[in-house]
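To keep things clear, I will list the structure first and then write my remarks on it.
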Amino acid sequence: GLPSRSMSRRQWPRTKKRAADVVWLAPTFSVPAVTAWRERHADLAAPVRAGVLVPTGPRMARGVADGMDLDLPDGLVDALADDDTAGVDAACEHALALRDAGVDGIHLVAVSRYREAAQRLRGAFGM
């Protein structure tokens, strides 16, 4: 759920919805979760930026996933064990899928892989 599992079960106060300039969603690898959240909050006029995590290794991916109750793509942890750029690949694929689903924008949670991920996504998002 978004922005967090506990927050998704509560209604946002209408005054907060009207006053927000932008809404930042917690990272997820689920396009359906983001689009469903957006549909549930269709009256929100502010743009929504979906969080996109760029895991740097298997330990980091598992730790963040456990801490945020985040479902990782199948095979990502194993791929990260073999190739430390696999997180950039997964994040870029997810970011492009979000764009194609009509999400207003993204924010990268990239830690040490920000430049690499941003460079690969630059043209896709008009940056």
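Among the residues of segment 100-127, the one identified as closer than 21 Å to residue 77 by Cα and in a loop (DSSP other than H, G, I, E, B) is 110. Which of the numbered conditions does residue 119 fail, given that it passes all the others? Conditions: (1) surrounded by 15 or more Cβ atoms within 10 Å (Cβ to Cβ); (2) farther than 21 Å from residue 25 by Cα. Evaluating residue 119 over (1) surrounded by 15 or more Cβ atoms within 10 Å (Cβ to Cβ); (2) farther than 21 Å from residue 25 by Cα leaves (1) as the failure. Consider residue 80 carefully, then state whether it is at pLDDT 95 or above, of a type outside the set (D, E, K, R) and buried (at least 19 other Cβ atoms within 10 Å of the Cβ). Judged against the criteria, residue 80 is a match. Just one of (1) under 14 Å from the mean Cα position of the chain (by Cα); (2) modelled with pLDDT of 90 or more fails for residue 70. It is (2). Checking each residue in segment 46-69 for being assigned to a loop (DSSP other than H, G, I, E, B), surrounded by 18 or more Cβ atoms within 10 Å (Cβ to Cβ) and out of contact with any Lys or Arg (no Cβ under 7 Å at 6 or more places or on another chain) picks out only 55. Scanning segment 84-99 for any residue that is more than 20 Å from residue 33 (Cβ to Cβ) and part of a loop (DSSP other than H, G, I, E, B) turns up at least one such residue.
The values are calculated or read from the model by the stated rules, or taken from the named source; none is laboratory data. For clarity, every value in this text was computed on a predicted model and none was experimentally measured. Note: ideal-geometry Cβ built from the backbone for every residue, glycine included; neighbour counts use all protein chains shown.
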